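Take a look at the structure below.
Coordinate-derived values only; no laboratory data. Keep in mind that what you see is a predicted model, and the values were worked out from it rather than measured. Cβ: placed from backbone, ideal geometry, glycine included. Neighbour counts: every protein chain shown.
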Amino acid sequence: MEFIRLKNINDENWNKIWEIYEESFPKHELRKIKEQKEAMKDDKFFCVYAKEEETVVGIIFYWELEQFRYIEHFAVNSNLRGGGYGSKILEEICNDDKITILEIDPVVDEISERRLVFYERLGFKMNKFNHLHPPYKKGDKGHKLKVLSYEHIISENQFDSFKNFLENHVMKYSE
């Protein structure tokens, strides 16, 4: 599997990447393309897709800081889910000692339960913090999410650093 980082949308696979992004997340969890293009210019932002042969198998959009890595969006091509690609992508991204943080919806049904089990099987731990993700679009409200971290529970100071980065840096690339 090959991993390709994009700094702009001039890639032959961009339409497929954006399609996976839009079909994998609720509208209130999505950036508009204008803001996505701006975020892609940020050296801390990694807009990465995984491909096997000529097929885009998944996307992972994350932020890389000295203290931690924040996976903002991660999805596998809907035609390829269940084939182990998600595990392979995350194992590649989490292959060092850096704290990796991501968010998931609270467990309320079978799908959200399976999602949590998937991440826990890979070594992610559920943190205790109450977390309200800021809205991506004007007029939307923040949404409650659960914070997971790779291999270890994070401290309150680490959570505060993550939350500060999310609110003051990541979200500047929103409406």
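Listing for the model above:
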| read-out | value |
| --- | --- |
| Scan of the stretch 25-39 for residues that are touching a helix residue (DSSP H, G or I) at 6+ places or on another chain (Cβ under 9 Å) and not basic (Lys, Arg), ordered by number | Leu30, Ile33, Glu35, Gln36, Glu38, Ala39 |
| Matching residues in the stretch 36-66 - criterion: being more than 17 Å from Gly82 (Cα to Cα) and of a type in the set (D, E, K, R) | Lys37, Glu38, Lys41, Asp42, Asp43, Lys44, Glu53, Glu54, Glu64, Glu66 |
| Residue under evaluation Trp14, criteria (1) in contact with a Phe, Trp or Tyr (Cβ under 8 Å, 6 or more places away or on another chain); (2) farther than 21 Å from Lys88 by Cα; (3) of a type outside the set (D, E, K, R), criterion not met | (1) |
| The stretch 46-67, residues that are under 25 Å from Gln158 (Cα atoms), assigned to a strand (DSSP E or B), more than 11 Å from the chain's Cα centre (by Cα) and not acidic (Asp, Glu) | none |
| Test for Phe45: is it touching a strand residue (DSSP E or B) at 6+ places or on another chain (Cβ under 9 Å) and either under 26 Å from Lys144 (Cβ atoms) or among the aliphatic types (A, V, I, L, M) (or both) | yes |
| Odd one out for Met40 among (1) touching an Asp or Glu at 6+ places or on another chain (Cβ under 8 Å); (2) crowded, with 17+ Cβ neighbours inside 10 Å | (1) |
| Scan of the stretch 82-95 for residues that are touching a strand residue (DSSP E or B) at 6+ places or on another chain (Cβ under 9 Å) and either of a type in the set (A, V, I, L, M, F, W, C) or on the phi < 0 side of the Ramachandran plot (or both), ordered by number | Gly83, Tyr85, Gly86, Lys88, Ile89, Leu90, Glu92, Ile93, Cys94 |
| The stretch 65-86, residues that are over 18 Å from Ile17 (Cα atoms) and surrounded by 14 or more Cβ atoms within 10 Å (Cβ to Cβ) | Leu65, Phe68, Arg69, Tyr70 |
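Yes or no, residue by residue, for (1) surrounded by 15 or more Cβ atoms within 10 Å (Cβ to Cβ); (2) more than 21 Å from Phe68 (Cβ to Cβ); (3) out of contact with any helix residue (DSSP H, G or I) (no Cβ under 8 Å at 6 or more places or on another chain):
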| position | (1), (2), (3) |
| --- | --- |
| Leu102 | yes, no, no |
| Val108 | no, yes, yes |
| Ile111 | no, yes, yes |
| Leu116 | yes, no, yes |
| Gly123 | yes, no, yes |
| Gly139 | no, yes, yes |
| Val147 | yes, no, no |
| Glu151 | no, no, yes |
| Phe165 | yes, no, yes |
